[in-house]
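*Asks:* Here it is, the structure, as structure tokens.
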Amino acid sequence: MTRGRRARAAFTDPLLAVAALALLAVAAAALQATVLCWASVGALAGFALSGSV
């Protein structure tokens, strides 16, 4: 695998996006930011249902 292809694969890996959204959901729940928490949970669900995962 070439260096450029390896870098592109690292940036398009869905694990990074899912981890960021999960951390956002947990942080929003800890801060009792209900709307932001549900928005991030909805984003996770949409990401999962889109076939990207």
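*Asks:* Could you tell me which residue of the range 5-14 is modelled with the lowest pLDDT, considering only residues that are part of a helix (DSSP H, G or I) and either among the β-branched types (Val, Ile, Thr) or open to solvent by 100 Å² or more (accessible area, probe 1.4 Å) (or both)?
*Replies:* Phe11
*Asks:* Among all residue pairs at least 6 apart or on different chains, which show Cβ distances below 6 Å where the first residue, located in the range 13-35, is within 16 Å of Ala45 (Cα to Cα) and the second is open to solvent by 70 Å² or more (accessible area, probe 1.4 Å)?
*Replies:* Pro14/Val53
Residue-by-condition table, conditions (1) assigned to a helix (DSSP H, G or I); (2) open to solvent by less than 40 Å² (accessible area, probe 1.4 Å); (3) at pLDDT 85 or above:
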position: Leu16; (1), (2), (3): yes, no, no
position: Ala20; (1), (2), (3): yes, no, yes
position: Leu23; (1), (2), (3): yes, no, yes
position: Val26; (1), (2), (3): yes, no, yes
position: Ala29; (1), (2), (3): yes, no, yes
position: Val35; (1), (2), (3): yes, no, yes
position: Ser40; (1), (2), (3): yes, yes, yes
position: Phe47; (1), (2), (3): yes, no, no
position: Gly51; (1), (2), (3): no, no, no
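The values are calculated or read from the model by the stated rules, or taken from the named source; none is laboratory data. Predicted, not measured: the structure shown is a model, and the values here were computed from it. Positions of Cβ are backbone-derived with ideal geometry, glycine not excepted, and every protein chain shown enters the neighbour counts. Ligands, DNA and RNA are stripped out before the accessible areas are found, and what is left, the full protein with its side chains, is counted by its heavy atoms. Shrake-Rupley method; radii C 1.70, N 1.55, O 1.52, S 1.80 Å.
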